[in-house]
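Please treat every number below as a calculation from the coordinates, not as lab data. Just so it is clear, the model here is predicted, and its values are computed rather than measured. Counting neighbours? That spans all protein chains shown, and the Cβs are built from the backbone with ideal geometry, glycine included.
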Amino acid sequence: MKDVAAYIAGKGCRQPAYITADISISPSKERYEGFVEGLEENGISFNKRMHYAGTFSVETGQIGAMTLLQRNPEIDCIVCGNDLMAIGAVSVCEKLGKKIPEDIKIMELLTGKYKKGQPYPEGSRATHQADKQINNLLTDENLAIVDELSKVADDLGTNVAILSLAWILKHPEISCVIAGASKPSQLENNLKAVDLEIPDDAMERIEKILGFQRFERHVG
């Protein structure tokens, strides 16, 4: 969590908030303490009133975000304990007319989404999926690629999911993109890819990261 604190500090956030599960039990307790220590190491004193504890749910994200923003409307970043909390926080911010990430950044511990060399995020499928499908994809090589793509997405003011779909749509040979979504918020996020313009230099960065090479077949 010190890495998370350093990351948001590097993005210019100075009034962060944190939505977690019960911090009286592990590992939430250790993550909360690490987050606070990480902020202090980056010159940010964390206001304990900017912490909201609940359950790993959309409802906690919604109630937590509304409560925290009522306490301090100047919050510039909300770190959430898992993706469900983040979904709830995003929905509240949008209802309040706050633009993400211009007005406020929402960072879930999955935003990234899984990090190389770091424990699997709380509540993620990698921690409980019986057939280990997710775990089998989390190789060091794949996680390193995700880290690099996250940097490109950050530079364009978007996230990796939107960037990935927009990259696919950029290829004229692809006529249709089928993207799965289990929640309306995921569908809304995916649809933003339609309007994302990826400049040529960013396309070159992405293709270099992926090791992508166009296949060309010449007949005759």
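A few points about this structure:
- Residue list for the range 14-52, filter: in contact (Cβ under 8 Å) with a residue 60 or more places away in the chain and among the basic types (K, R): R14, R31
Residue-wise test of (1) touching a helix residue (DSSP H, G or I) at 6+ places or on another chain (Cβ under 7 Å); (2) among the polar types (S, T, N, Q).
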site	(1), (2)
E30	no, no
E37	yes, no
E40	no, no
F56	yes, no
T60	yes, yes
I87	yes, no
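- Residue list for the range 142-159, restricted to those being under 18 Å from K99 (Cα atoms) and part of a helix (DSSP H, G or I): A153, D154, D155
- Check on I75, assigned to a loop (DSSP other than H, G, I, E, B) and touching a strand residue (DSSP E or B) at 6+ places or on another chain (Cβ under 9 Å): yes
- Looking across the range 2-58, the residues that are of a type in the set (G, A, S), in a helix (DSSP H, G or I) and under 21 Å from P101 (Cβ atoms) come down to A5, A6, A9, G10, G38.
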